[in-house]
Amino acid sequence: MAKKYSRLLLGIGLAAQLQAADISGTEHAAVDESPTAAADLQSTIAAAISQFEQRSRRDWAYRIDRYENEEGDISSSIELYDPANAPDSQWQLLSINGRTPDNKQQRKFAAAKQQQAKAAGQQSFSVKLSELIQLDSLQLTFDSPQYLQASFGVHLSQLGNDVSKKLQGSLRFNKTLHYIDSIEISNTANFSPLFSANISEFNLTLRFTKIDNAILPQQQQMRMKGTFAFFTQIDEVSTDTFSDYRYVSDGKVSD
């Protein structure tokens, strides 16, 4: 039941219990709230967003381990994506609920992936950070030699301004490697993404890794609770973990 709402919320099929970026035990300087500091922060994050969006992620092969607990109904899968293969065989289902999939499950999986590709025009983990993060709302909340952390207003065009105003974001910027390594979004009030749906708890974390100057998803987690049609409970926890990245160039995978 909840899965359809999670996919609607961000258009990227995410999920699970969220944890803020671990910055405990690190000394930090007092936060500078001057106009100059605010402008510098916006410039830094804008450059990081541009870096994220300019480098194509179509040319990477990878593995996804998926886990979902939806109202106690637990499911899992292991998938491979390889853009060097023909379009109808770029996705491969290795495991479903701990078992090797049969031919029927493989065909259903392949058809679903092709349909998703047509609808999205890109892998499901594509995220438009330039739309999600409202630069003019950035506020520095933490600063150290290694990281800075900032809060920001969230905008999700799929949900409209009313729902977006009930979401708050936080990001962590890695100063050494110059990229946003994690984003956390949670709700500040109940909201309704669909008629008769009421979301009381929404937490989302996106974690990224940097490989050869490309910023790539590392893990996507979400937890969502609420009700649908007043009586049906929504209670979903899910995690997508990305690994085994390989760069594909001109149809060949580079080590």
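The values are calculated or read from the model by the stated rules, or taken from the named source; none is laboratory data. Everything numeric in this text was worked out from a predicted model, so none of it was measured. Here the Cβ is made from the backbone with ideal geometry for all residues, glycine too, and neighbour counts use every protein chain on show. Surface accessibility is based on the protein's heavy atoms, side chains included, excluding ligands, DNA and RNA. Shrake-Rupley method; radii C 1.70, N 1.55, O 1.52, S 1.80 Å.
Observations on the structure shown:
- Inclusion of Tyr81 among residues that are within 30 Å of Ser50 (Cβ to Cβ) and within 20 Å of the chain's Cα centre (by Cα) is warranted.
- Hits in region 85-114 - residues which are farther than 21 Å from Asp59 by Cβ and of a type in the set (S, T, N, Q): Ser95, Asn97, Thr100, Asn103, Gln105, Gln106
- One residue stands out in region 78-111 among those that are farther than 19 Å from Glu68 by Cβ and surrounded by 13 or more Cβ atoms within 10 Å (Cβ to Cβ): the one that is modelled with the lowest pLDDT, namely Ala110.
- Here the condition is being buried (at least 18 other Cβ atoms within 10 Å of the Cβ), touching a strand residue (DSSP E or B) at 6+ places or on another chain (Cβ under 9 Å), at pLDDT below 90 and not basic (Lys, Arg); of Gln114, Gln51, Gln123, it holds for Gln123 alone.
- Taking the listed residues Asn198, Asn213, the one that is out of contact with any Pro (no Cβ under 8 Å at 6 or more places or on another chain) and either among the charged types (D, E, K, R) or closer than 22 Å to Asn161 by Cα (or both) is Asn198, with no other qualifying.
- For Gly160: the one exception among (1) in contact with a strand residue (DSSP E or B) (Cβ under 9 Å, 6 or more places away or on another chain); (2) open to solvent by less than 60 Å² (accessible area, probe 1.4 Å): (1)
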